[in-house]
Amino acid sequence: MKVLVTGGAGYIGSHTCVELLAAGHEVVVIDNLCNSKEMALQRVRQISGRPLAFVHADLRDAAALAALFREYAFDAVIHFAGLKAVGESVQVPLDYYHNNFIGSLTLCRVMLAAGLRTLVFSSSATVYGDPAALPIREDFPLSATNPYGRTKLFVEEMLRDLQRADDGWNIALLRYFNPAGAHSSGRIGEDPNGVPNNLMPFITQVAIGKQPELLVFGDDYDTPDGTGVRDYIHVVDLAQGHLAALERLMANPGLVTYNLGTGRGYSVLELIHAFERTCERSVPYRVVARRSGDIGLCYADPGLAHAELGWRARFDIEDMVRDSWRWQTCNPDGYT
Ligand code: NAD
Ligand code: UD1
C-alpha cells in the first residue's frame, strides 16, 4: 500500500512509519516539524533500510496537500498531525482548534477531492472524560474537560458525520491510552520540548539528572496506593495497531472505533518502582497536590480491537521502562 502519514516525524508517527516500512508499504510523510525533527525520519530510514519520502508542509495548506495527492496515488492516510499538550491547549485554545480541527477538515476535503476515503485517525482516551466505570469500552459516553480533548471529540464527530453522509468512507478512530517506550534500537523515541508533561519522559529525565525530582500529583485517589492509575501501552504495540486497523479498513467496514490499550492499569508509584527495578536507577520523588483536571483511574477494555483486528499489546511495563531508558541514555538531548 502507498500510505500518507501526517505528523509522521512525531513520536507515534515515526514508530508507525518503521512498522509500515517493515511490512513492505510505501510511506510518504507530511509534517510541519512544529513538534519534531527531520532527524527522526532519517533514523526511520536507517532502522528500516528503506526509502521514505518527506514533505515539509502544514496540513492546513490545502494547495500543498492537493499537490501531494496529485503526485502520489495513496491507498490510505494515517493522520497523526496535531498539537497535544493539554495545559497549553487551555492557554491558547484557538491554536488547538485551528491546528487540530481545521487541519483534519482540510485533510478530509483534499482526500475527497482526490477520491480517497480511507483514513485512520489518532484519537485519545481523553474523549471518555472521567469514566463512570472501568475498564473503559468504546460505547461509553464521551466528554471532554479541556480544549485539546474537545478537538479530538469534534474531529471524531466530524468524521462520524462525514461517514454517515457518504458510506464510501472507511474510517478507523483509534483511541490511544498512555503511549510509552521507544523503538528497541534506541534510535527513535519521545523527544518532548522543554519540561515533559507526561509521566514516563519525566521519570527518565529525573533518572538521568535533567530534572531534580519527580512530583507525584496526588496520593489520595481511590486507587490501591492512592496515586493515579493509567493504561501504559508500548509505542511499538500502538504502531502495530495502526497496521491492523489499515488491514481492517481494506475490507470496507465503514466507521470503526477501537481502544488501543493493554487493559492493565499501573499506578504512578508502580511505574516508578518498575523503572527503578528494571533500570537500576533511583527516581527521587515527592508527593504534591493533585494536578487540576486529572482523573484517578483510566484503563481500557481492549477486547474489541482483539476480536475485530486480531491485535493485542505484546509488550509489558518492563519493556516500556527499559526501552524509554535506552532511548534517554542513547539520546540525552533528544534529536538535537
Ligand atoms: P507528536 O507531537 O510527537 O507528533 C505530532 C506531529 O504532528 C509532530 O511531528 C508535529 O510536528 C506534527 N504537526 C502538528 N501540527 C501539524 C500541522 N498542522 N501540519 C503538519 N504537521 C503537524 O505527538 P504524538 O505523541 O506522536 O501524537 C500523535 C497523535 O496522537 C496526535 O494527534 C496526538 O494528539 C495523539 N495522541 C497522542 C497521545 C500521547 O500521549 N502521545 C495520546 C493520545 C493521542
Ligand atoms: C495526559 C493528558 C491526556 C492525554 C494523555 C496522553 C492531562 C491532564 N491529560 O493524560 O489528555 O490524552 O496525557 O498524552 O494532561 N503524573 C505525575 N507527575 C508528573 C506527570 C504525571 O504524578 O510529573 C501522574 C498523573 O497525575 C497521572 C499519571 O502520572 O496520574 C500519568 O500522567 P500523564 O503521563 O500526564 O498522562 P495522563 O494524565 O493520563
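The values are calculated or read from the model by the stated rules, or taken from the named source; none is laboratory data. From a predicted model like this one, the values you see are computed outputs, not experimental measurements. Every residue, glycine as well, gets a Cβ built from its backbone with ideal geometry; the counts of neighbours run over all protein chains shown. With ligands, DNA and RNA removed, areas are computed over all heavy atoms of the protein, side chains included. Shrake-Rupley method; radii C 1.70, N 1.55, O 1.52, S 1.80 Å.
Look at Ser184 and say whether it is open to solvent by 20 Å² or more (accessible area, probe 1.4 Å), within 29 Å of Ile317 (Cα to Cα) and of a type outside the set (Val, Ile, Thr).
yes
Quick check: is even one residue across the stretch 273-285 exposed (fewer than 15 other Cβ atoms within 10 Å of the Cβ), within 23 Å of Gly186 (Cα to Cα) and polar (S, T, N, Q)?
yes
Is it fair to say Gly181 is within 30 Å of Ala274 (Cβ to Cβ) and of a type outside the set (D, E, K, R)? Give the steps one after another, and end with the answer.
Values: within 30 Å of Ala274 (Cβ to Cβ): yes; of a type outside the set (D, E, K, R): yes.
In short, yes.
Hey, can you tell me all the residues within the stretch 279-298 that are within 16 Å of ligand 2 (Cβ to nearest atom) and closer than 25 Å to Ala207 by Cβ?
Filtering the stretch 279-298 for residues within 16 Å of ligand 2 (Cβ to nearest atom) gives 283-298.
Residues satisfying the conditions are Val283, Pro284, Tyr285, Arg286, Val287, Val288, Ala289, Arg290, Arg291, Asp294, Cys298.
Kindly evaluate Leu269 against the criterion of being open to solvent by 10 Å² or more (accessible area, probe 1.4 Å), in contact with a Lys or Arg (Cβ under 9 Å, 6 or more places away or on another chain) and hydrophobic (A, V, I, L, M, F, W, C).
No, not satisfied.
Of all residues in the stretch 109-137 being within 16 Å of ligand 2 (Cβ to nearest atom) and in a loop (DSSP other than H, G, I, E, B), which is most open to solvent (accessible area, probe 1.4 Å)?
Per the criteria, the residue is Asp130.
Among the residues of the stretch 173-208, which ones are within 24 Å of Val77 (Cα to Cα) and more than 9 Å from ligand 1 (Cβ to nearest atom)?
Leu173, Ala182, His183, Ile188, Gly189
Just to be sure, is Arg164 assigned to a loop (DSSP other than H, G, I, E, B), among the charged types (D, E, K, R) and either open to solvent by 10 Å² or more (accessible area, probe 1.4 Å) or out of contact with any strand residue (DSSP E or B) (no Cβ under 7 Å at 6 or more places or on another chain) (or both)?
no
Could you run through the stretch 171-199 and say how many residues are within 14 Å of the chain's Cα centre (by Cα) and within 12 Å of ligand 2 (Cβ to nearest atom)?
9
What helices (runs of 4 or more DSSP H), lying completely within the stretch 2-108, carry at least 2 residues that are open to solvent by 50 Å² or more (accessible area, probe 1.4 Å)? Don't jump to the end; show me each part of the working.
Values: elements: 11-22, 39-48, 62-71, 86-91, 93-96.
Fully inside the stretch 2-108 and qualifying: 39-48, 62-71, 86-91, 93-96.
Being within 13 Å of Ala180 (Cα to Cα) and not charged (D, E, K, R) narrows it down to one residue among Ala289, Ala239, Ala307; which is it?
Ala239
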